[in-house]
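Okay, handing you the structure first.
Bear in mind these aren't lab numbers, they're just calculated from the coordinates by the rules spelled out. Because the structure is predicted, anything quoted here is derived from the model rather than measured. Here the Cβ positions follow ideal geometry from the backbone for every residue, glycine too, while neighbour counts run over all protein chains shown.
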Amino acid sequence: MAEPLLEIADLQTHLFTDRGVVRAVDGVSFSIERGASLGLVGESGCGKSITGLSIIRLLPPSARMVGGAIRFEGQNLLELPAEPMRRLRGRRIAMVFQDPMTSLNPVFTVGTQIAEPLVVHENLSRRAAWDRAVELMRQVAIPDPARRARSYPHELSGGMRQRAMIAMAISCGPALLIADEPTTALDVTIQAEILELLGRLRRDMGLSILLITHDLGVVAENTDDVAVMYAGKIVERGSVREIFRSPQHPYTIGLLRCVPRITTAGDRQGRLETIEGVVPNPFELPPGCAFAPRCPEARAECDLGEIDPYLASEGHVVRCVARGSSVRKTSLDKTA
Amino acid sequence: MPDGQELLQVFDLEKHYPLGSALFARPKHWVRAVDGVSFSIRSGETLGLVGESGSGKTTTGRCILRLTEPTSGRIVFDGVDLLALRPREMRAMRRHLQVIFQDPYASLDPRMTIGASVEEPLIIHRVGSRPERKVKVRALLEDVGLDPGFASRYPHEFSGGQRQRVGIARALALQPKFIVADEPVSALDVSVQAQIVNLLQVLQRRHGLTYLFISHGMAVVQHICTRVGVMYLGKLVELGETEALFERPLHPYTQVLRSSIPNPDPEAGRERIRPQADPPATAERIPGCPFHPRCPYVMEECRVQEPPLLEIRPGHKVACFLATSA
């Protein structure tokens, strides 16, 4: 089998703050095949965005990658010097963010901004880059692209701005697109349009997509695989079909239960299921499973040390003692 | 008031904002944020208002509380015409009408302990003596599922869900009859959303509250509301019992909205009803039906004439020529 486009192994990205070190990404591993898509889901602060930023190495100043490897097209991005990394960014790996208004420059027209990377990365002339920008805008279904290219960001609706961002992201024909909450700021009708657009680009361009989101519904309908993150770790990973049909980790089970769903007549529940408690303080994570304090199935072993991944079924990995994971007893290791 | 009677009636509510602010010149354009909205809320029920950004749902909620002065219309609460009240009388009236906002971090004063924040409305309305108020604050915190010992802590020490509980305790302090909940769970993580939704339902039963629940989250609205109104560009385009509205949405916009919601079930499959275009980026007034440029079923008359909101089944109203002619 050909090697995957992106392979992350035991990634450690820590935040060094005044109050101490936060292990924002703590031993994350996953891979994405060419043309495949992975949904990285979790609640705020779980480390999903930091994982995305680690891949393109655009981390905030307080964050540092202190371990692991990110292999992309045969290179370990952690060891790549700054200059080749800069060339890779935009050209082979592109990223789209939640709020297009903060990513677009308000004083340049949209067309100029889409043309810019083509001039920088592809050595196109200004004229040729402009024509290509208009073509890209057509590709992302912006109506009347020739006229829209001369618009400034504030003149476009939120959905149009996000389309423009996507046009910019795909302009150099990247192999991987990282989309971090690309539809969270948008209305639901527009969200559906943008997700359809991403799916179409993936098919047409053979693009691989890492979709970072808090919304399980978005993942269910738009990606092949899903990885669920909690407090810096991936607690469960597998195909969308498998994870939604038979979730194994108590956190995934809880998350799926507490999402209100549009139901048919008579099906309305009186009370929503909840996950009791709150996300642990990132400065004081428990030594074992970080979900244990909220977990209905917690047992003594959960707190003893690092929980190893366990293969529940083909391609379905879970980190949970109650499902068969073994515990690496960190305290014992030290004394030994 | 017994359940089922109309506690609040809104007649032809309008709120227009001037667009562009040329000094001394009369504004050329107006944004009709709320454009002739009428509905009523029965005592003990939860009426949902859904719609996308710019639909006017938040402005409608604010106008009812007179946090924003409406341009015109009539709002009758428990037999009292709210817009006829003088500012002083309105302030006294606010005991009965409270609000919960989306972002409790923005609505709580970071320099006040949460106990002081919850106590503040009691002081303003001169309720009880100091020791009585302290007891009341502890009871309120307990009521919303917080440890009464938290009263001496500050907002930054709490998570988003806990802060929203504080916001709810504050809204409950004066024992209101009616609460406008404006996107109360939209900023929260899903696991916490469910906790707050459950809490709102428990409190409603415990205190006999009536809610106006404003949200863009259709699934939450379906879960918590007895009836739902759908707003689009300042107009109420459909209003009906929750079951009927979700089972057989009549307005094409409601159908589009309902079919756009991602379903957390990869095998469910859903048929999307696609809008024809993105929502308008400008505030220009659209002639005829406000949804006609995006409507997949647009007819000739929709472009020229505005469809009125008509009751076409008992308790189910819709503003659409297609639905009313069928």
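Obtain the radius of gyration and the Kirkwood radius of the protein assembly as shown from its C-alpha atoms and give Rg over Rh.
Computed over Cα atoms, the ratio is 0.98.
Please check which bits of the range A:188-228 a label hung off A:Glu273 would reach, taking the label as a point 7 Å along Cα-to-C-beta and the cut-off as backbone N under 14 Å.
Of the residues in the range A:188-228, none has backbone N under 14 Å from the label point off A:Glu273.
Here's a follow-up. For the protein assembly as shown, what is the number of Lys pairs with C-alpha distance below 30 angstrom, counting only pairs 8 or more positions apart or on separate chains?
Going through the protein assembly as shown pair by pair, I get 19.
Now, a different point. So for chain B, what percent of the C-alpha to C-alpha distances run longer than 28 Å?
Of the Cα pairs, 45 percent sit more than 28 Å apart.
Next question, about the same structure. What percent do you get for the relative contact order of the range B:1-93 when only Cα pairs under 8 Å and 6+ apart count?
Numbers: 147 pairs, mean separation 32.3, N = 93.
After rounding, I find 35 percent.
Dividing the alpha-carbon radius of gyration of the range A:66-200 by 2.2 N^0.38 Å (N being the number of residues), what value is obtained?
Here the Cα radius of gyration is 1.08 times the empirical estimate.
If you stretched the chain out fully between B:Ala268 and B:His96, how much longer would it get, using 0.36 nm times the residue separation minus the C-alpha to C-alpha distance?
57.5 nm
Can you tell me, using C-alpha contacts under 8 Å and at least 6 residues apart, the relative contact order of the range B:79-195 as a whole percent?
41
With viscosity set to 1.567 mPa s and temperature to 4 °C, compute the Stokes-Einstein D of the range A:187-336, Rh being the Kirkwood radius across alpha carbon pairs; µm²/s, no decimals.
The diffusion coefficient I find is 74 µm²/s.
What residue among A:Ala129, A:Ala220, A:Ala82 has the largest mean-square fluctuation in a Gaussian network model of chain A, using Cα springs under 10 Å?
Maximum fluctuation in the GNM of chain A, among the listed residues, is at A:Ala82.
Please express the shape of the range B:110-175 as an equivalent ellipsoid: the semi-axes are the square roots of 5 times the eigenvalues of the C-alpha gyration tensor, given largest first in whole angstrom. Walk me through the intermediate numbers first.
Working: eigenvalues 65, 26, 22 Å².
Semi-axes (√(5λ), whole Å): 18, 11, 11.
To the nearest 500 deg cm²/dmol, what mean residue ellipticity at 222 nm is calculated for chain B from DSSP H runs of n ≥ 4 alone, each contributing -39,500 (n - 2.57), summed and divided by the residues?
After summing the helix terms and dividing by residue count, I get -9000 deg cm²/dmol.
Tell me the relative contact order for chain A as a rounded percent, counting alpha carbon contacts under 8 Å between residues six or more apart.
This gives 18 percent for chain A.
Something else: For helix A:188-205, what angle does its Cα long axis make with the longest principal axis of chain A, in degrees from 0 to 90 and rounded to 10?
Taking the Cα atoms of chain A, the angle to A:188-205 is about 80 degrees.
Beyond 25 Å, what share of the Cα-Cα pairs of the range B:215-326 is found? Please give it as a whole percent.
22
What chymotrypsin sites (Phe, Trp or Tyr not before Pro) does the range A:48-109 have in DSSP loop regions with at most 16 other beta carbons within 10 Å?
Working: sites: A:Phe72, A:Phe97, A:Phe108; in loops: A:Phe97, A:Phe108.
For chymotrypsin sites (Phe, Trp or Tyr not before Pro) across the range A:48-109 that sit outside H, G, I, E and B with at most 16 neighbouring Cβ atoms in 10 Å, the list reads A:Phe108.
Taking the Cα-to-Cβ direction at B:Gln175 and at B:Tyr105 and moving 7 Å from each Cα, how far apart do the two end points lie in nm?
Roughly 3.5 nm, to one decimal.
Same structure again: Any chance you could list P(r) for chain A, counting all Cα-Cα pairs in 20 angstrom bins from zero, rounded to whole %?
Per 20 Å bin, starting at 0, the Cα pair percentages come out as 29, 55, 15, 0.
Return the FRET efficiency for the residue pair B:Asp147, B:Ile124: r is the Cβ-Cβ distance, R0 is 30 Å, and the value is rounded to the nearest 0.05.
0.75
Also, quick follow-up: What FRET efficiency, computed as 1/(1 + (r/R0)^6) with R0 = 51 Å and r the Cβ-Cβ distance, is obtained for A:Arg245 and B:Trp30, rounded to the nearest 0.05?
Efficiency, rounded to the nearest 0.05: 0.45.
Between A:Ser62 and A:Asp144, 0.36 nm times their residue separation minus their Cα-Cα distance comes to what?
Fully extending the segment from A:Ser62 to A:Asp144 adds 25.2 nm.
What are the ³J(HN,Hα) couplings of the range A:113-130, residue after residue, when phi is run through the Karplus curve with 6.51, -1.76, 1.60 and θ = phi - 60°? Round to Hz, x for glycine and proline.
Here the 3J(HN,Hα) series is 6, 6, 6, 3, x, 5, 6, 6, 8, 10, 6, 7, 6, 3, 4, 5, 5, 4 Hz.
Return the FRET efficiency for the residue pair B:Arg86, A:Arg257: r is the Cβ-Cβ distance, R0 is 56 Å, and the value is rounded to the nearest 0.05.
The computed FRET efficiency comes out at 0.65.
Grab the DSSP H runs of chain A that are 4 residues or longer, score each as -39,500 (n - 2.57), total them, divide by all residues and round the 222 nm result to the nearest 500 deg cm²/dmol.
-9000 deg cm²/dmol
Which percent, nearest 5, of DSSP beta bridges in the protein assembly as shown are antiparallel?
Numbers: 61 of 98 bridges.
So the antiparallel bridges in the protein assembly as shown amount to around 60 percent.
If each residue of separation counts as 0.36 nm, what is the full-extension length gain between B:Ser40 and B:Gln5 once their alpha-carbon separation is subtracted? Intermediate values should be presented prior to the final figure.
Details: separation 35, 0.36 × 35 = 12.60 nm, distance 0.98 nm.
Here the segment from B:Ser40 to B:Gln5 would lengthen by 11.6 nm.
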